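One structure is given here, and the rest of the page talks about it.
The values are calculated or read from the model by the stated rules, or taken from the named source; none is laboratory data. Everything quoted here is computed from the prediction, not taken from an experiment. As a convention, Cβ positions derive from the backbone with ideal geometry for all residues, glycine included, and neighbour counts pool all protein chains shown. Areas reflect the complete protein model, heavy atoms only, side chains present, ligands, DNA and RNA absent. Shrake-Rupley method; radii C 1.70, N 1.55, O 1.52, S 1.80 Å.
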Amino acid sequence: MDDVIAFSAYADIVGFDVYPIPIVVSRVATPLSNGNDTTPDKAVVEYLTWLNSAIPNKPKLMVLQGFSYTDMYEASFLKANVSKELRDIVSPPNAQEINMMVNQAKQNGVSKIIWWGQAALKTSKQAPWPDILRMGQKY
């Protein structure tokens, strides 16, 4: 985290990418979680709490999860390497989780939200993209 602070001196904006859904796969640790996993409902807030304290004078951004972890792999690779039980519980963020992440980001001073991973979706109708678009219309 010291490097993040040091390199931020040269940045116009600072932030993190946070992909916390589902926790069984994401295993997100934050600067405030002391190396332990945090829960999806705390991941965005904990990263921003740290950023706002450590680097208070820079605009903030968050890169949020626009995919399911299973979208990142080819189907035959997943079938050969990931158990069906795990594949069955891996899902993209739902509308409530997207709303939670966006609201936490906005409430903690984020000026830009970037969505990552939607290029891996097979169609523009595949979750979570429609929910992300609906959320974007609110802002």
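Sequence gap at least 6, Cα distance under 8 Å: using those rules, report the relative contact order of the stretch 1-127 to the nearest whole percent. Mind showing how you got there, number by number?
Values: 168 pairs, mean separation 37.5, N = 127.
Relative contact order here is 30 percent.
Under the rule of -39500 (n - 2.57) per DSSP H run of 4 or more residues, summed and divided by the residues of the chain, what mean residue ellipticity at 222 nm is obtained, to the nearest 500 deg cm²/dmol? Show your work: numbers first, answer last.
Details: 7 runs with 62 residues, N = 139.
Per the formula, -12500 deg cm²/dmol.
Rounded to the nearest percent, how much of the accessible area of the chain (1.4 Å probe, protein heavy atoms only) is carbon and sulfur?
On the way: 4350 of 8130 Å².
Carbon and sulfur atoms account for 54 percent of the accessible area of the chain.
What FRET efficiency would be calculated for the residue pair Ile13, Ser33, taking the C-beta separation as r and a Förster radius of 30 Å, to the nearest 0.05? Don't skip to the end; give the middle numbers.
Numbers: r = 24 Å, r/R0 = 0.79.
That pair, Ile13 with Ser33, gives E of 0.80.
Pairs Lys84/Lys112; Lys79/Lys138; Lys60/Lys84; Lys84/Lys122; Lys58/Lys125: which exceed 28 Å Cα-Cα?
Values: Lys84/Lys112 37 Å; Lys79/Lys138 38 Å; Lys60/Lys84 38 Å; Lys84/Lys122 20 Å; Lys58/Lys125 36 Å.
Checking Cα-Cα distances, Lys84/Lys112; Lys79/Lys138; Lys60/Lys84; Lys58/Lys125 exceed 28 Å.
What FRET efficiency would be calculated for the residue pair Asp2, Ala120, taking the C-beta separation as r and a Förster radius of 41 Å, to the nearest 0.05?
Numbers: r = 33 Å, r/R0 = 0.80.
Efficiency computed from Cβ-Cβ geometry: 0.80.
Report, in whole Å, the centroid distance computed from the Cα atoms of the stretch 66-135 and the stretch 1-56.
18 Å
For Asn99 and Ile23, what does the FRET efficiency come to when R0 = 22 Å and r is the distance between their Cβ atoms, rounded to the nearest 0.05?
Working: r = 18 Å, r/R0 = 0.80.
E(calc), rounded to 0.05, equals 0.80.
Averaged per residue, what accessible area in Å² does the stretch 1-92 show with a 1.4 Å probe, protein chains only? Kindly include the intermediate steps, with their values, before the conclusion.
Values: 5150 Å² over 92 residues.
Value for the stretch 1-92: 56 Å² per residue.
Compute and list, largest first, the equivalent-ellipsoid semi-axes of the chain from the alpha carbon gyration tensor, each √(5λ) rounded to a whole angstrom. Display every interim value, and only then the final one.
Details: eigenvalues 150, 65, 36 Å².
Gyration-tensor ellipsoid for the chain: 27, 18, 13 Å.
I'd like the per residue volume of the convex hull spanned by the Cα atoms of the stretch 21-75, given in cubic angstrom. Before the final figure, lay out each step's value.
On the way: hull volume 5.0 nm³, N = 55.
In the stretch 21-75, the Cα convex hull volume per residue is 91 Å³.
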